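**Student:** Pasting in a structure now, in structure tokens, and then I'll have a few things to ask.
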Amino acid sequence: MSEIYYTEDHEWIEVEGDIGTCGISEFAQEQLGDIVYVELPEPGTEVSQSDEVAVVESVKAASEIYAPVSGEITESNEELVDDPARINADAMGDGWFFKIRLSDPKELDDLLDKATYEALTAGQH
Amino acid sequence: MGNPPDQKAPDGGDPQGALKKTPLHGLQVELGGKMVPFAGYEMAVNFPLGILGEHKHTRAVAGLFDVSHMGQLRLHGAGRAAALESLLPADIAGLAPGAMRYSQLTNDRGGIIDDLIVTNAGDCLLLVVNGANKAADLAHIEAALPAGITVEHRSGDALLALQGPGAAAVMARLAPGAENLLFMTAMAINIGGVDCYVSRAGYTGEDGFEIAMPGTRAEELARLLLAAEAVEPIGLGARDSLRLEAGLCLHGHDIDATTTPVEAGLNWSIQKRRRDEGGFPGDAVIQAQLRDGPARKRVGVLPEGRAPAREGAAILDSAGAAIGAITSGGFGPSFGGPLAMGYVAAPHAGQGTPLGLVVRGRTLPAQVAKMPFVPARYHRG
């Protein structure tokens, strides 16, 4: 059974075993608007929690994506490179950015659960 | 995720002061506009269609822009053309009634205080200046005017822009006669009972119109234009991507008090008599640059990959030496890829010159490209 966590910076991570799938929240894609470019991490890269690991650009601006947890990148969603609009269409599903093998699952305790994250963004629309 | 775009003013915002509202603020909110601070106003950056959709709709059909934040000034009095010529390098004396010209208010170093459109309305000169600069422009112009010439700030007036290949058909139906205007000409005309001043101009590279009217009638007129099936409301986001594809300068970014019209490649806006005679602030600097060429030039820049280069990115030559910086950059929705403009040292300004752009610490290949990035479709008759 998987569990989903959020960062205050609007990334999400869905954890199954020691693998987490990461992306940006529905709220984030809405705030960014039409996404036209992504830069994804190379599989094999070791990252620390809060490192800049990816970049997303909308027509408006560029934003950095931070690693929600430490670990090794195991896969990037190459489909996004040719079709970044997937992130707008399905931020929590098809629009995932990368998968990471968690090196310290205790870091998940620093993250927000769904209800807390939704409360955080509720007033910001 | 860093850098959420909504938490900073896109341009010229005043985080301290209360934001002003244009006469169309209520309508923008009603239409689902996402409101942001811009040039001291709260305005829509986009509507539910989104920046990409609004951009493409404008190029394909027609878009309506609220540009009421811009300053509308009128210059009255005998000798007003000569008085205005003392502040800018365009030929205003030779402007026929109903004709308009793009120009720049210059400083003593030839730098651009603001850029503007001047129209000879017959009994006065109309000036449309940038919203973020209008108070400073007004003070600058007032301080320089001789006795007998007055400047009137039409702060209660609204300004709408209807842009796109479908704009003329909409105008022909609602304001018969307006469709016969040629690019950069203007006329007074009644639209749906509202006295308007309509020009064939814009900031998108498309055919289109700008419509000035009393602010009290703006919402009524905007609703009339939006009732046309072709017309969608367009926000500031698409306005910026449209003008960037069209190769048009944004003051405070591509031109400012430190760049001259010649460096910016705006030589075409300095007519021959003014080049010969001078008589405007910074004339010696500008005449010398016209004669000898400027040391740097504004150019179009085409990144080779998919990564956009934004304002501030350093431009390198093929050997890796810094030769300039990007002043505007992003993604061109109609162009279908990243594009930018910036200044480079003059020897590197030739079309096709290979460049490097420093983006997030990496050097991305690019080259000097022709502007506009999409063909202009002005109605020249």
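No lab work stands behind these numbers, since they all come straight from the coordinates. Bear in mind that the values here come from a model prediction, so they are computed numbers and not experimental data. Here the Cβ is made from the backbone with ideal geometry for all residues, glycine too, and neighbour counts use every protein chain on show.
**Student:** How much length would be gained if the chain were fully extended between B:Arg362 and B:Asn107, taking 0.36 nm per residue of separation minus their Cα-Cα distance, in nm to one decimal?
**Tutor:** 88.1 nm
**Student:** Given H placed 1.01 Å from N in the peptide plane, which residues other than close sequence neighbours of A:Val36 have an amide H under 5 Å from its amide H?
**Tutor:** HN-HN under 5 Å from A:Val36: A:Glu57, A:Ser58, A:Val59.
**Student:** Just grab the label-to-label distance for B:Val29 and B:Ala139, each label 7 Å out from Cα along the Cβ direction, in nm (one decimal).
**Tutor:** 3.1 nm
**Student:** For B:Thr106, what residues show an amide H to amide H distance below 5 Å, using hydrogens built from the backbone and excluding near sequence neighbours?
**Tutor:** The list, which skips near neighbours in sequence, is B:Ile113.
**Student:** In addition: Between region B:208-222 and region B:139-166, how far is it from one alpha carbon centroid to the other, in angstrom?
**Tutor:** What the calculation gives is 15 Å, centre to centre.
**Student:** Fully extended, how many nm does the chain gain between A:Ala89 and A:Arg101 (0.36 nm per residue separation, minus their Cα-Cα distance)?
**Tutor:** 1.7 nm
**Student:** Average the reciprocal distances over every distinct pair of alpha-carbons in the protein assembly as shown, invert the result, and give the Kirkwood radius in Å.
**Tutor:** Taking every pair of different Cα atoms in the protein assembly as shown, averaging 1/r and inverting gives 24.5 Å.
**Student:** Related question: Taking Cα centroids, how far is region A:1-62 from region B:51-72 in Å?
**Tutor:** Between the Cα centre of region A:1-62 and that of region B:51-72, the gap is 32 Å.
**Student:** Viscosity 1.002 mPa s, temperature 20 °C: give me the Stokes-Einstein translational D for region A:3-118 in µm²/s, with Rh taken as the Kirkwood radius over C-alpha pairs.
**Tutor:** Taking Rh from Cα pairs, D becomes 155 µm²/s.
**Student:** For the pair B:Tyr378/A:Glu72, report the inter-label distance in nm, with labels modelled 7 Å from Cα in the Cβ direction.
**Tutor:** Taking the two extended label points, one gets 6.1 nm.
**Student:** Taking N as the number of residues in chain B, what is its alpha-carbon radius of gyration divided by 2.2 N^0.38 Å?
**Tutor:** 0.97
**Student:** Just grab the label-to-label distance for B:Asp292 and B:Ala314, each label 7 Å out from Cα along the Cβ direction, in nm (one decimal).
**Tutor:** Result: 2.8 nm between the two label points.
**Student:** Hey, with R₀ at 30 Å, roughly what FRET efficiency would B:Ala147 and B:Glu277 work out to, going by the Cβ-Cβ distance, to 0.05?
**Tutor:** Efficiency, from the Cβ-Cβ distance: 0.80.
**Student:** Between A:Glu14 and B:Leu182, what FRET efficiency follows from the Cβ-Cβ distance if R0 is 56 Å, with the result rounded to 0.05?
**Tutor:** Efficiency, rounded to the nearest 0.05: 0.40.
**Student:** Distance cut-off 29 Å, Cα to Cα: go down the list B:Lys34/B:Lys134; A:Lys106/B:Lys34; B:Lys272/B:Lys370 and report the pairs above it.
**Tutor:** Listed pairs above 29 Å: A:Lys106/B:Lys34.
**Student:** Compute from the Cα atoms of region B:295-381 the Rg and the Dmax, the latter being the longest Cα-Cα distance, and quote both in angstrom.
**Tutor:** Just the Cα atoms of region B:295-381 yield Rg and Dmax of 12.8, 48 Å.
**Student:** If you plug each phi of region B:249-259 into the Karplus form 6.51 cos²θ - 1.76 cosθ + 1.60 with θ = phi - 60°, what whole-Hz ³J(HN,Hα) values come out, in order, with x for Gly and Pro?
**Tutor:** Going residue by residue, I get 6, 10, 5, x, 10, 7, 9, 6, 5, 9, 10 Hz, with x marking Gly and Pro.
**Student:** Which residues does the label zone of B:Ala93 cover in region B:263-281, counting backbone N under 18 Å from a point 7 Å along Cα→Cβ?
**Tutor:** B:270-281
**Student:** Can I ask one more? Kindly write out, for region A:26-41 in residue order, the coupling ³J(HN,Hα) from the Karplus curve 6.51 cos²θ - 1.76 cosθ + 1.60 (θ = phi - 60°), rounded to whole Hz, with x marking Gly and Pro.
**Tutor:** In residue order, the calculated couplings are 4, 4, 5, 5, 5, 5, 6, x, 4, 8, 10, 7, 9, 10, 10, x Hz.
**Student:** For chain B, set up a GNM with springs between Cα atoms under 10 Å and report which of B:Gly300, B:Gly279, B:Gly63 has the largest fluctuation.
**Tutor:** Comparing B:Gly300, B:Gly279, B:Gly63 in a Gaussian network model of chain B, the most mobile one is B:Gly279.
**Student:** Return the long-range amide H neighbours of B:Leu248 (sequence gap of 5 or more, or a different chain), with a cut-off of under 5 Å between placed amide H atoms.
**Tutor:** none
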